[in-house]
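Contents: one structure, followed by commentary.
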Amino acid sequence: MPAKILSEAELSRGDLWVFGYGSLMWRPGFEFIEQVPARLIGEHRALCVFSFVHRGTPEKPGLVLGLDRGGACRGVAFRVAERHRAATVAYLREREQVTSVYREVMRSVWLENEPRQRVSALAYVVDRGHVQYAGRLSLAEQLRHVQQGHGQSGANREYVLSTVKAIEAEGFRDPQLHQLALMLHGETPVHR
């Protein structure tokens, strides 16, 4: 089984880039020098993680985002000054790895700025072998989990709606999440 966290040697030196695709987009929680719209190729954003702590409980799991295999994901890359890298990594491990459902990886991301450079960024990819991996759920199943989910960080509904708002603020859409947001607002019927 691959290690869930990176060794010091694997975490590159100098400033650290962190790729945010969910709650990190709207609540990073760490100090950064700049944030740049970015695209990661090879994985996509998906509500594919049962939340037992932050947005749900083991009895009533919520759903949170993970990077899952295939496709691409638009998000935000945060550049953290070298002097803050150790504290930032420690903070992210405490926040993201509470149940070790993610694999901590370095991924190439394309910054959507000029000159559109490619950087290596710290990212959290879902561990498909973990008990909290939900896989592909129908929109109706996603809605049910999000409506019931409430954990240490609050209501699952707020997590989804805040993420959609952050995506829109970056000037793009995530069709699946936007559809779920409409359903949470009661604007469209649920098709099974």
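Would you mind telling me which residue in His84, His150, His178 has the biggest mean-square fluctuation in a Gaussian network model of the chain, where springs connect alpha carbons within a distance under 10 angstrom?
His84
Averaging sequence separations of C-alpha pairs under 8 Å and six or more residues apart, then dividing by the length of the chain, give the relative contact order as a whole percent.
27 percent
Rounded, prolate or oblate for the stretch 50-140? Axes are the square roots of the Cα gyration tensor eigenvalues, ordered a ≥ b ≥ c, and the cut-off for rounded is a/c under 1.5.
Judged from the Cα gyration tensor, the stretch 50-140 comes out oblate (a/c at least 1.5, b/c at or above a/b).
Taking all protein chains in place and a 1.4 Å probe, what share, in percent, of the accessible surface of the stretch 37-192 do carbon and sulfur account for?
50 percent
Per residue of the stretch 26-35, in order, report the coupling 6.51 cos²θ - 1.76 cosθ + 1.60 (Karplus, θ = phi - 60°) as ³J(HN,Hα) in whole Hz, putting x for Gly and Pro.
Rounded to whole hertz, the list is 10, 8, x, x, 9, 7, 9, 7, 8, 10.
Counting only heavy atoms of the protein chains, get the accessible area per residue of the chain (1.4 Å probe) and round it to a whole Å² value.
For the chain, the per-residue accessible area is 49 Å².
Full-extension gain between Ser108 and Ala87, please, as 0.36 nm times their residue separation minus the C-alpha to C-alpha distance. List each step's numbers first, then the result.
Details: separation 21, 0.36 × 21 = 7.56 nm, distance 2.21 nm.
The Ser108-Ala87 span can extend by a further 5.4 nm.
Test of understanding: in a Gaussian network model of the chain with alpha carbons linked when under 10 Å, which of Gln117, Gln179, Gln148 would top the mean-square fluctuation ranking?
Greatest mean-square fluctuation among the candidates belongs to Gln117.
Shape of the chain from its Cα gyration tensor (a ≥ b ≥ c, root eigenvalues): rounded if a/c is under 1.5, otherwise prolate when a/b > b/c, or oblate?
Verdict is prolate for the chain.
Of all DSSP beta bridges in the stretch 50-192, what percent run antiparallel (nearest 5)?
Working: 13 of 14 bridges.
Antiparallel bridges make up about 95 percent of those DSSP assigns within the stretch 50-192.
The values are calculated or read from the model by the stated rules, or taken from the named source; none is laboratory data. Note that the coordinates shown come from a computational prediction; the quantities given were computed from them, not determined experimentally. Note: areas computed on protein heavy atoms with side chains; ligands, DNA, RNA excluded. Shrake-Rupley method; radii C 1.70, N 1.55, O 1.52, S 1.80 Å.
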